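Visitor: Just dropping this structure here.
The values are calculated or read from the model by the stated rules, or taken from the named source; none is laboratory data. In this text, all values refer to a predicted model and were calculated from it rather than measured experimentally. Cβ atoms come from the backbone with ideal geometry, glycine included; neighbour counts cover every protein chain shown. Areas reflect the complete protein model, heavy atoms only, side chains present, ligands, DNA and RNA absent. Shrake-Rupley method; radii C 1.70, N 1.55, O 1.52, S 1.80 Å.
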Amino acid sequence: MTGSVDNDLKKLIINKYGSVNKFANSIGLPQSTIATVLSRGIENSNVKTVYKICNALGVSVDKLMSRIV
């Protein structure tokens, strides 16, 4: 199920920001961090990183994590 969540996350990023790089720059994280989240899974990420991503995309952490568990 993680792949589906990560794919949905990438689609949201592209739809709202046009690219992963623009998204990373807008939230103050390195592009490599976002790439790692998308490749390894958001559930393996730092809580602060997850919160920043969800906040920027307008997605609640609870809703996102409920799709993973």
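Visitor: Lys63 versus Tyr51, label points 7 Å from Cα toward the beta carbon: distance in nm?
Guide: Once both label points are built, they end up 1.9 nm from each other.
Visitor: Only Lys, Arg, Asp and Glu count, each charged at its Cβ (+1, +1, -1, -1), so figure out the dipole size of the chain about its Cα centre, rounded to 20 debye.
Guide: On the way: 9 positive and 4 negative charges, 32 e Å.
Taking the Cα centre of the chain as origin, the dipole is about 160 debye.
Visitor: If you don't mind, another one. Hey, what's the chain come to in accessible area per residue, 1.4 Å probe, Å²? Don't jump to the answer; show the numbers that get you there.
Guide: Values: 4260 Å² over 69 residues.
Result: 62 Å² per residue.
Visitor: Just from its helices, what would the mean residue ellipticity at 222 nm be for the chain, if runs of 4 or more DSSP H residues each count -39500 (n - 2.57) and the sum is divided by every residue, rounded to the nearest 500 deg cm²/dmol? It would help to have the intermediate numbers written out before the result.
Guide: Values: 5 runs with 53 residues, N = 69.
About -23000 deg cm²/dmol.
Visitor: How much of the accessible area of the chain, probe 1.4 Å, is carbon plus sulfur, in whole percent?
Guide: On the way: 2190 of 4260 Å².
C and S atoms contribute 52 percent here.
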